[in-house]
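Just so you know, all these numbers are worked out from the coordinates, no wet-lab data involved. Every value quoted in this text rests on a predicted model; they were computed, and no experiment measured them. No Cβ is skipped: glycine too gets one built from the backbone with ideal geometry, and neighbour counts run over all protein chains shown.
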Amino acid sequence: MKYKYFRKSDIVVYAVLALLLVALCFTLFFRKSESLKGIEIFYRGELIYEYDFDSGCIYADGEYVTQTESEGGLLITVETPDGKNVLFIGDNYTKMMEADCSQTAECVNNFDAVENTGDVIICAPHSIKVIGTGDSEMIIPSG
């Protein structure tokens with residue numbers, strides 16, 4: 001029995017896979033980003049700082065976090081047994097400014113600013129996770 005290169009069932013499978021790939025591209029690249037309402041900072045999975053851009057600081061763990069006013073925003077210093085991180089909170093964004101986990105100061109330049117809901121900064125050596133929050137419910141993986 002001799003077969004052609006593709007059977008009709010093969011073409012249907014390839015067409016379904018192509019449609020799934022196109023749908024995946026649209027959901028990943030053309031999704032609407034929700035505006036940032038606040039940030040949460042976690043140390044080893046525990047919430048140590050929460051900030052709302054409308055009302056200000058909601059929660060700060062005095063053991064690890066200090067907050068100081070800075071030109072144009074707030075400087076948040078997180079000092080844990082694992083090390084020190086400094087974040088800047090501006091108008092609807094947060095940026096990692098300093099971390100002592102690396103031999104080079106360039107490590108913080110690799111972090112994008114948290115500007116949208118779901119944006120994340122992770123400093124693995126210090127077990128620090130900064131998450132942008134918004135109105136929608138999100139499931140944030142722990143760890």
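Counting beta carbons within 10 Å around each of SER127, SER35 and listing the fewest first gives the order SER35, SER127. Residue exposure proxy: ARG44, ARG7, ordered by other Cβ atoms within 10 angstrom of their Cβ from fewest to most, comes out as ARG7, ARG44. Here the Karplus curve 6.51 cos²θ - 1.76 cosθ + 1.60, taken at θ = phi - 60°, turns the phi angles of the stretch 13-18 into couplings of 4, 5, 5, 5, 4, 5 Hz, with x standing for Gly and Pro. Residues in the stretch 55-69 carry Karplus couplings, in order, of 10, x, 5, 9, 8, 9, 7, x, 6, 10, 10, 10, 10, 10, 6 Hz; the curve used is 6.51 cos²θ - 1.76 cosθ + 1.60 with θ = phi - 60°, and Gly or Pro positions show x.
Hey, can you rank 54-63, 76-85 by average C-beta count inside 10 Å, highest first? If you can, show how the numbers build up before the last one.
Details: 54-63: 11.2, 76-85: 17.8.
Listed from highest to lowest mean packing, they are 76-85, 54-63.
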